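Some notes on the structure that comes next.
The numbers here are math on the coordinates, done by the rules we state, and not lab data. All values derive from a computational prediction rather than experimental measurement. Note that we place each Cβ from the backbone using ideal geometry, even for glycine, and neighbour counts take in every protein chain shown.
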Amino acid sequence: MSSATAPAHDNTFGQDDTYLYHHFDDLHQQHESSSLGMWAFLATEVLFFGGVLGAFAIVQTLHAPAMRAASHHLDVLLGAINTGVLLCSSLAMALAVRAAQLRQDRHTVWLLIATIVLGSAFLGIKAYEWIHDYHEELVPGLNFNQERYPGRQILFWSFYFTLTGIHALHMVIGIVIMAIMAVLVWRRWFTGGGATQIEMLGLYWHFVDIVWVFLYPILYLINK
Amino acid sequence: MSHEPQADDPRLVEESDPKLGYLGSDFSIKSWLLTTDHKRIALLYLASITFFFIFGGVAASLVRMELMTPRGDVFNAPDDYNRTFTIHGVFMVFFFLIPGVPAVLGNFLLPLMIGARDLAFPRINLLSWYIYMLGGLFTMYALVAGGVDTGWTFYTPYSTMFSNTQVIAAALGIFIVGFSSILTALNFIVTIHTMRAPGMTWLRLPLFIWAHYATSLIIVLGTPVLAITIVLVAVERVFRVGIFDPAYGGDPLLFQHLFWFYSHPAVYIMILPSFGVISEIVTAFARRKIFGYSFMAGALLAIAVLGFLVWGHHMFVSSQSMYAGLIFSVLSFLVAVPSGIKVFNWTATLYKGSVSFRTPMLYALGFIGLFTIGGLTGLVLSTMATDVHVHDTYFVVAHFHYIMVGGMVMAYLGGLHFWWPKMTGRMYSEFWGALSALTVFIGFNLTFFPQFILGYMGMPRRYYEYPEEFQVLNVMSTAGASILAVGYLMPLIYLPISLLIGKVANANPWAAYGLEWTTASPPPTHNFEEIPIVTGGPYDYELQDRADQQREVQEQGIV
Amino acid sequence: MWDFPLFPQSASTHAPKVDAVYIGLMIVSAAFTLSFAFFVLYFAVKYRRGSRADRSGIQDSNPIAEAVYITVPTLLGIGLFVWGALVYFELVSPPGDAVDIYVIGKQWMWKAQHPEGSKEINELHVPVGQPVRLVMTSQDVIHSFYIPAFRVKQDVLPGRYTTLWFQPTKVGRYRLFCAEYCGAEHSRMGGWVTVMEPSEYEEWLEGSSEQTGMAVAGEALFRQYHCSGCHGGNSTVKAPPLEGVFGGPVPLLNDPADPNSGVRIIQADERYLRDSILRPKDEVVAGYEPLMPSFEGQIPEEDMLKLVAYIKSIGRGRTTRPTTDRGMQDGEGAPSNITEIMGMGTGNGGDAR
């Protein structure tokens, strides 16, 4: 961090021109509301993934051998690389939040771009894996080969594509919002440098990463 | 907390009319469709929810007409009947019962009751109305143009592999409207946490607020599970992936577990806000502090938590393990206890009160009676031995209508009448109000009480045709439904009329206690001329009466 | 026509027990409802605005009253729960001497076959006084087999067997319904259950055109599907013999793909037989190679029931434990060790996985 002039205390609101909406008393209350709202939204997301993960956990317990057999066809190395890529993107995002709080607009934009690049790299690797799965006739509903992968293995792939699919969808949404944010920060659209908005986006992005940190062992490593 | 001066952007705080309050700031349609004022959004919801209620109600009338005779006659084919009861179920559950009280009364009153200028996220509030309308109209199109014949429960594998109707479109519509619920609930949670007026501590919150807080928690934690379940149904339908299909080793019961994990708590989403409404009305018309405030608030949270642990009582005959059944059964008995506490305490609140029988109170007393019957018949369903017999019969239909219609709709109408002067600044006709409350109560009992007997006699639900021995009770039920319909039509007529010719209401026409009654009727756009400072607990009618007496004495002294 | 029954006919040993629980619940409900109604109206009138009733000594809360509100309903509730659960245990525990009748639900009819071979559609003939156990499955969606006069109901699912038992006590004809919504003709998917004197029942069985018993027909199918090629007495392939399997303990590999993964014991029931035919590689008997091919999609449900009837006929007699059939099927997620802790049986689907 190059910002030696940053104030020592973490109070980045109130000392600037951040816009206060009419129904709030002060900036502190406004920031607290945004933050609590985001956390509550993430609670919703936890249950969204939790529903399908719970279902998968039951199927996984009941049909463990078939699930383990199916899991063999996943590429552990690619999954591990992807985990690393995503963790790096989280780091970039955390730095972007910091930069935004310090009102370093150019830094913020570049770090957001870095996050977008890393997130896209993740999606690229994921897409490569999916295409590979397609060639291996592993996609239920499109070309699943019941002869090659007998028994209940198809259930693993149904859950695999559902879970990674909704995770990827969350990433795409995050990347789109990040791109919009980067443009807005670049054009100095936010009165307060977008610190609150980027902080909330950061929470969302970290959440999406954490979901992957759970998905990776559950899907890739269960046969180990 | 330091109070900084507000941002002085004139676009944000609209000038409000001194007489018409928030209603008079701007009359253009655009100002309504782009409003971020929680009170105007509440009225948008009121209009759209009424519209969907009528839609679902017409479907219900058709269903009841069909059931007048044992043979199919109103509909040409069973398919049309099945589509109609699906319309009734989907619209009443997802577009009326779940959003009803929170989106209309909650939206309007929550900031007023805690002394805030608006909800924490006014634009998200407006967005959630648009999402609600999008989901509603989309589902309406799917159900009317295409038709869906699965019932509102979408049981697999019928919904995924066998039904040839627009299941995916309907599922998408319900998925969309779920977002609307979630956004409203998020808004409520954040508002209650961060926007309370100075002095409004947690234990000074009106029970209406506690009820909405508990409801919002259930919505935030339950709705996403329904969302993912619906996504899985749609994925299964499109790609035949087999998660719920035994042909691939999947399990249809998994759907039922996921579905009821949301849909049982959803029952509490429907009824908890009503508990809040009834607590406000009973205290106002008994002029007493609520009996056992902390138990009432605790009971709301207990129901919210226990409500998540009883879903399996919908599955006693589904071939679920009997050990799971035992646990779900005993927990279902336990969840009845906090509901019982509420009824006990409402009754105790009347004791040594000063009771007046205005329209909202009539609705509230009706609610207490009907909810008690609905709750206690629930015990028949949580007892495994009797549930085996009455599961999926008209007994279940009668039970949940006692909770939903006898409970939620009575409370909704009671609350609407109670706060109508606050919302509109006009009084409705007390005569017609009382008559409608009475008509609804009588019509309701005549409609649904016979269904308990029908159910125990063994008539299964969702039957287009039925054996002749069930006809007498069915005719009674249909006759009751026509009275009920008249009862519902009355407010639809006299409430709008009151806007034109009703007496102008003052700020507090019921002499009720609570912050919402301290501001003008209708309130100004920014709710309060000055943010109130709260010094006492809720429902302090004694204090209010003493103050009134003192004022009278003083005034008389001056005269 | 103006008689006004509040209860359906009562024609099984369950019916009076279920009715007793119901009446008990109704008495409790009525007591609560009426006392609430009384107190609400009494207070509302006595303390109406302007009345001169004594209003001194108002309490805002009373912990003792709240404690009573909480404990009395809780204890009452637990009592009712226990009563209901005890009756429920009987509802799901068929006696050992029950005869099995096989039922298939499909859109929109009920097909039944008696072990002696008689087939019927939307009708079920049973002898009075004889416990009957229905082994049921569905060919398509979920149905629910419901006889109000017997107070019994059980969902019928595709891909698995569920069971239901009753002991008729009165000769007569009783309605049969499908209680789980199953599509367009749901309301027409029903018929009659005829309870007959045992002698008449015998006559009825003999009058049927289908005189081949299910087990005998199953034996023929056993050869037709080439099961006997490996499971038969003098086959060269090493496959477990099926004599004495049903109703007895079966050692299964913990991991079907790994012969050294250890062994667990399950009780062979209808579920096990069915799954072993359709998905033989999921449960492999210890000491045998997983060689058997899957018969998924090759055996119609009716044939499957006959095969099961045949393998049962050479087994050890049916298990009578309550968990055997209603017990844990796949996907309901209750941990299997509960059954072991409670010592109520080991031979159910949950353990088997």
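Could you rank the peptides B:406-416, C:255-265, B:63-73, B:165-175 by their average count of other C-beta atoms within 10 Å per residue, with the highest value first? Present the calculation step by step, with values, prior to reporting the outcome.
Details: B:406-416: 26.8, C:255-265: 13.5, B:63-73: 17.3, B:165-175: 21.6.
Result, highest mean first: B:406-416, B:165-175, B:63-73, C:255-265.
For the stretch B:23-558, go through all pairs of different Cα atoms, get the mean of 1/r, take its inverse, and jot down that Kirkwood value in Å.
Numbers: mean 1/r = 0.0419 Å⁻¹.
Value: 23.9 Å, from the Cα pair sum.
Can you give the Rg and Dmax of the stretch B:396-532 based on its C-alpha atoms, in angstrom?
19.9, 66
Per 5 Å bin from zero, what fraction in whole % of the C-alpha pairs of the stretch B:19-63 is there, up to the bin with the longest pair?
Result, from short to long distances: 5, 19, 23, 17, 11, 10, 8, 6, 2, 0 percent.
Give me the percent of Cα-Cα pairs in the stretch A:114-224 that sit more than 18 Å apart, rounded to a whole number.
Working: 3584 of 6105 pairs.
Beyond 18 Å sits 59 percent of the P(r) for the stretch A:114-224.
So what's Rg/Rh here for the stretch B:517-559, counting alpha carbon atoms and using the Kirkwood radius for Rh? Walk me through the numbers on the way to the answer.
On the way: Rg = 13.9 Å, Rh = 12.7 Å.
Radius of gyration over Kirkwood radius for the stretch B:517-559 works out to 1.09.
What is the fewest-to-most order of B:Val241, B:Val305 by other Cβ atoms lying within 10 Å of their Cβ?
On the way: B:Val241 25, B:Val305 14.
Final ranking by Cβ density, sparse to dense: B:Val305, B:Val241.
Place +1 on the Cβ of every Lys and Arg and -1 on the Cβ of every Asp and Glu in the protein assembly as shown, take the dipole about the Cα centre, and give the residue among A:Gln60, C:Pro131, B:Phe261 whose Cα lies farthest towards its positive end.
The listed residue farthest towards the positive side: B:Phe261.
Identify, among B:Phe95, B:Gly115, B:Leu62, the residue whose Cα sits farthest towards the positive end of the charge dipole of the stretch B:49-120, taking +1 on the Cβ of Lys and Arg and -1 on the Cβ of Asp and Glu, with the dipole about the Cα centre.
Of the listed residues, the answer is B:Gly115.
Averaging the inverse of every distinct alpha carbon separation and then flipping it gives the Kirkwood radius. What is it for chain C, in angstrom units? Mind dumping the intermediate values first?
Details: mean 1/r = 0.0424 Å⁻¹.
23.6 Å is the Kirkwood radius here.
Per-residue mean of other chain beta-carbon atoms within 10 angstrom of the beta-carbon, peptide B:497-508?
On the way: counts 0, 0, 0, 0, 0, 0, 0, 0, 0, 0, 0, 0.
Neighbouring Cβ atoms belonging to other protein chains average 0 per residue here.
Can you pull the one-decimal nm distance between simple spin-label points at C:Leu34 and B:Phe51, each 7 Å off the Cα toward Cβ?
Reported label-point gap for C:Leu34 and B:Phe51 is 4.9 nm.
What is the sum of charges, Lys and Arg at +1 and Asp and Glu at -1, for the other residues whose Cβ falls under 14 Å from the Cβ of B:Ser477?
Working: positive: B:Arg64, B:Arg461; negative: B:Glu66.
Local net charge: +1.
Lys/Arg Cβ at +1, Asp/Glu Cβ at -1, dipole of the stretch B:23-558 taken about the Cα centre: which of B:Tyr488, B:Thr223, B:Thr194 is farthest positive-ward?
Among B:Tyr488, B:Thr223, B:Thr194, the one farthest towards the positive end of the dipole of the stretch B:23-558 is B:Thr194.
Please compute the Cα-Cα pair-distance distribution of the protein assembly as shown with 10 Å bins starting at 0, giving whole percents from short to long.
So the P(r) values, bin by bin, are 2, 9, 17, 21, 19, 15, 10, 5, 2, 0, 0, 0.
Check cross-link reach from B:Lys289 to the aspartates and glutamates: straight Cα distance under 18 Å, and skip same-chain residues fewer than eight apart.
Answer for B:Lys289, where 18 Å is the Cα cut-off: B:Glu280, B:Glu516, B:Asp540, B:Glu542, B:Asp545, B:Asp548, C:Asp54, C:Asp60, C:Glu66, listed by chain and number.
Give me the inter-chain shielding for B:227-236: mean count of other chain Cβ atoms within 10 Å, whole number please.
Numbers: counts 4, 11, 3, 0, 6, 6, 0, 0, 7, 4.
Other-chain Cβ atoms within 10 Å of each residue's Cβ, averaged: 4.
Give me D for the stretch A:106-169 in µm² s⁻¹, whole number, from Stokes-Einstein with Rh from the Kirkwood sum over alpha-carbon pairs, 4 °C and 1.567 mPa s. List each step's numbers first, then the result.
Details: Rh = 13.5 Å.
Translational D for this selection: 96 µm²/s.
Return the distance in nm (one decimal) between the two label points of a simple spin-label model at B:Glu555 and C:Ser61, each offset 7 Å from Cα along Cα→Cβ.
Calculated label separation equals 3.5 nm.
Using 7 Å Cα-to-Cβ label points, what is the B:Val486/A:Val172 separation (nm, one decimal)?
Going by the 7 Å Cα→Cβ label model, 5.6 nm.
Give, in nm to one decimal, the length gained when the segment between B:Ile531 and B:Leu438 is fully stretched (0.36 nm per residue of separation minus the Cα-Cα distance).
Here the segment from B:Ile531 to B:Leu438 would lengthen by 29.5 nm.
Report for the protein assembly as shown the percent antiparallel among DSSP-assigned beta bridges with both residues inside it, nearest 5. Walk me through the intermediate numbers first.
Numbers: 35 of 49 bridges.
In the protein assembly as shown, approximately 70 percent of DSSP beta bridges are antiparallel ones.
Between A:Ala127 and C:Asn254, what's the calculated FRET efficiency when r is the beta-carbon distance and R0 is 35 Å? Round to 0.05.
On the way: r = 38 Å, r/R0 = 1.08.
Rounded to the nearest 0.05, the efficiency is 0.40.
About the Cα centre, and with charges only on the beta carbon of Lys, Arg (+1) and Asp, Glu (-1), how big is the dipole of the stretch B:23-558? Nearest 20 debye, please. Kindly include the intermediate steps, with their values, before the conclusion.
Numbers: 25 positive and 27 negative charges, 161 e Å.
Charge dipole of the stretch B:23-558: 780 debye, to the nearest 20.
With a 10 Å radius around each residue's Cβ, average the other Cβ atoms per peptide and rank A:183-189, B:473-479, highest first.
Values: A:183-189: 14.0, B:473-479: 18.9.
Answer by packing, highest mean first, reads B:473-479, A:183-189.
Using only C-alpha atoms and all pairs of different ones, pull out the Kirkwood radius for the stretch B:106-226 in Å with one decimal.
Details: mean 1/r = 0.0625 Å⁻¹.
Kirkwood hydrodynamic radius for the stretch B:106-226: 16.0 Å.
Note the direction-averaged projected area, equal to a quarter of the hull surface, for the Cα convex hull of chain A, in nm². Please report the intermediate quantities before stating the final value.
Numbers: hull surface 56.8 nm².
If I average the Cα hull's projected area over directions, I get 14.2 nm².
Classify the stretch C:141-236 as rounded, prolate or oblate, taking a ≥ b ≥ c as the square roots of the eigenvalues of its Cα gyration tensor: rounded when a/c is under 1.5, otherwise prolate if a/b is larger than b/c and oblate if not.
Details: a/c = 2.63, a/b = 1.48, b/c = 1.77.
Since a/c reaches 1.5 but b/c is at least a/b, the shape of the stretch C:141-236 is classed as oblate.
Classify the stretch B:304-429 as rounded, prolate or oblate from the Cα gyration tensor: take a ≥ b ≥ c as the square roots of its eigenvalues, call it rounded if a/c is under 1.5, otherwise prolate when a/b beats b/c and oblate if not.
Details: a/c = 2.81, a/b = 2.24, b/c = 1.26.
Prolate shape, in that a/c is at least 1.5 and a/b is the bigger ratio.
Using the Cα centre of chain A as the reference point, and only Cβ charges (+1 on K/R, -1 on D/E), how large is the resulting charge dipole? Debye, rounded to the nearest 20. Spell out each step's value before the answer.
Values: 10 positive and 16 negative charges, 84 e Å.
Using only the charged Cβ atoms, the result is roughly 400 debye.
Ignoring everything except DSSP H segments at least 4 long, calculate the 222 nm mean residue ellipticity for chain B; use -39,500 (n - 2.57) per segment, divide by total residues, nearest 500.
Working: 17 runs with 347 residues, N = 559.
That comes out to -21500 deg cm²/dmol.
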